[in-house]
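The values are calculated or read from the model by the stated rules, or taken from the named source; none is laboratory data. Only a predicted model underlies this, so the values are computations on that prediction, with no experimental measurement involved. Cβ atoms come from the backbone with ideal geometry, glycine included; neighbour counts cover every protein chain shown.
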Amino acid sequence: MGVAAGMLSSQRTSPRPQSILFACTHNSVRSPMAEALGRHFFGRDIYFASAGVQCHEVDAFAVAVMDEIGIDIAGHKPCSFADLDDTSFDLIITLSPEAHHTALEFTRMLATRVVYWPTLDPSAVQGTRETILEAYRGVRDGLQKRLEELLDWHPMASL
């Protein structure tokens, strides 16, 4: 069994977290997308939030690619770790190296698991509008796949 298969297997046998914080560098692209995907698919069962090392406005390309799948993040209010009202998360998933280091420091005295999901920052991609949108779609779809695997989600088959 490979390392990835072993990690996935251990994730499925551990209890499903009841609260998840997604963290990235600016809380403007990756973590708001992950939070919205989590709420969309698991919102009644799990509490989701997001934060950044710093706060920036929500990225228009992130809003556009989430809108393509029927999820509205235009009203997302970016916040930093320091802005969080509640710090009692079962799991913090970090999406950038800066957020990972901050989360480890943030949870030093807490019983919170921190997992790093290296995720491309699509705002760094240059090129045509379509090239940039493809990068954002790749991040969105990758986050959705990881969430489905982490939380063992299987959509119902068509009848």
Residues within the range 71-100 that are of a type in the set (A, V, I, L, M), surrounded by fewer than 16 Cβ atoms within 10 Å (Cβ to Cβ) and under 21 Å from Val139 (Cβ atoms), tallied: 1
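Pick out the one residue from Gly138, Gly127, Gly70 that is within 22 Å of Ile20 (Cβ to Cβ) and part of a loop (DSSP other than H, G, I, E, B).
Gly70
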Residues within the range 100-124 that are part of a helix (DSSP H, G or I) and farther than 15 Å from Thr87 by Cβ, tallied: 5
The one condition in (1) farther than 17 Å from Ser19 by Cβ; (2) buried (at least 18 other Cβ atoms within 10 Å of the Cβ) that Ala103 fails to fulfil: (1)
Given (1) touching a residue at least 60 places away in the same chain (Cβ under 8 Å); (2) assigned to a loop (DSSP other than H, G, I, E, B), number of the condition Cys55 does not satisfy: (1)
Test for Gly2: is it modelled with pLDDT under 90, surrounded by fewer than 19 Cβ atoms within 10 Å (Cβ to Cβ), under 21 Å from Leu151 (Cα atoms) and within 16 Å of the chain's Cα centre (by Cα): no
